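Participant: Handing you this structure, nothing more for now.
Computed from the coordinates by the stated procedures, all read-outs in this text should not be read as laboratory data. These numbers come from a predicted model, not from an experiment. Please note: Cβ atoms are built from the backbone with ideal geometry, for glycine as well, and neighbour counts cover all protein chains shown.
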Amino acid sequence: MTPRTARLLLVLGAFIAGLALFSAVIFIVTGRSPAPIAMQSAIGGPFRLVDHNNRPITDQDVKGKPQLVFFGFTHCPDVCPTALFEVSEILRALGPDGDRLGAMFVTVDPERDTPAKLKDYLSSFDPRLIGATGDADAIRAMERAYRVYAKKVPLDGGGYTMDHTAIVYLMDKEGRFVAPFNIKRRPEAAAADLRRYL
């Protein structure tokens, strides 16, 4: 046996031993549990808000489609309009499949973002985007459910802006959190990724 053949057999043997060990661990871990343990996501949950057409909207209304959920506000100078433009481009790249995806923009500034204000703001983006607002308590409850940070920041000379979490949440058809969704890529690549959930 040549040294090269011996090395190959050693590597192959180590690989097979590792595979057997891995399979044994999987069997032990899964074999002792009579049923899979369902883990409840720590992100998402029930909400009761008002959409940009001033109609009630709840978590039940958006079930049945995967959702992209983004928190922001209409006075946001750059992050929010950029994110909504990118989501609009992804919906465009999905073509007819875009109707099978939901996309919701939830305000963190209900004091200024009325349904009428949201409707006007969203007119610059894909018409399938839903704006959502509500009273301060309802917005805070949704922020807590989605683990969103939002804070009013006073500006010199009066007025204020908002610091807030800038994550796009991907939720599945049942309203369960899947993962933060990366919109900072070619719309076609993001669309191809989303098609797995449609």
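Participant: What is the fewest-to-most order of 75, 164 by other Cβ atoms lying within 10 Å of their Cβ? All intermediate terms of the calculation are to be shown ahead of the outcome.
Facilitator: Numbers: 75 16, 164 23.
By the 10 Å Cβ count, ascending, the order reads 75, 164.
Participant: So, one more: Take 43, 90 and order them by how many other Cβ atoms sit within 10 Å, fewest up front.
Facilitator: Working: 43 17, 90 26.
If I rank by nearby Cβ atoms, fewest first, I get 43, 90.
Participant: Whose amide H sits under 5 Å from the amide H of residue 181, counting only residues 5 or more places off or on another chain, with H placed in the peptide plane?
Facilitator: Amide H neighbours of residue 181: 168, 169, 170.
Participant: Taking neighbour Cβ counts within 10 Å as the exposure measure, how do 160, 146, 121 sort from fewest upward? Intermediate results must be reported in sequence, preceding the final value.
Facilitator: Numbers: 160 13, 146 20, 121 23.
The order, fewest Cβ neighbours first, is 160, 146, 121.
Participant: By how many nm would the segment from residue 48 to residue 128 lengthen if fully extended, with 0.36 nm per residue of separation less the alpha-carbon distance?
Facilitator: Gain in length upon complete extension: 26.8 nm.
Participant: So what are the ³J(HN,Hα) numbers for the range 71-77, from phi and the Karplus equation (6.51, -1.76, 1.60; θ = phi - 60°), rounded to whole Hz, Gly and Pro as x?
Facilitator: 9, x, 7, 6, 8, 5, x
Participant: Quick check for you: which residues of the range 71-96 have the amide N under 17 Å from the point 7 Å beyond the Cα of residue 198 toward its beta carbon?
Facilitator: Inside the label zone: 87-96.
Participant: In terms of the Cα gyration tensor, with a ≥ b ≥ c the square roots of its eigenvalues, is the range 117-167 rounded because a/c is under 1.5, prolate because a/b exceeds b/c, or oblate?
Facilitator: Values: a/c = 1.92, a/b = 1.19, b/c = 1.60.
Oblate shape, in that a/c is at least 1.5 and b/c is the bigger or equal ratio.
Participant: Calculate, for residue 174 and residue 153, the FRET efficiency according to 1/(1 + (r/R0)^6) with r their C-beta to C-beta distance and R0 25 Å; round to the nearest 0.05. Show your work: numbers first, answer last.
Facilitator: Numbers: r = 36 Å, r/R0 = 1.43.
Efficiency, rounded to the nearest 0.05: 0.10.
Participant: Provide the gained length on full extension for the span residue 135 to residue 61, in nm with one decimal, where the gain is 0.36 nm per separating residue minus the Cα-Cα distance.
Facilitator: Numbers: separation 74, 0.36 × 74 = 26.64 nm, distance 1.87 nm.
Using 0.36 nm per residue and subtracting the Cα-Cα distance, I get 24.8 nm.
Participant: Where a ≥ b ≥ c are the square roots of the eigenvalues of the C-alpha gyration tensor, would you call the range 48-197 rounded, which needs a/c under 1.5, or, failing that, prolate if a/b is larger than b/c, or oblate? List each step's numbers first, then the result.
Facilitator: Details: a/c = 1.69, a/b = 1.45, b/c = 1.16.
Cα axes put the range 48-197 in the prolate bin.
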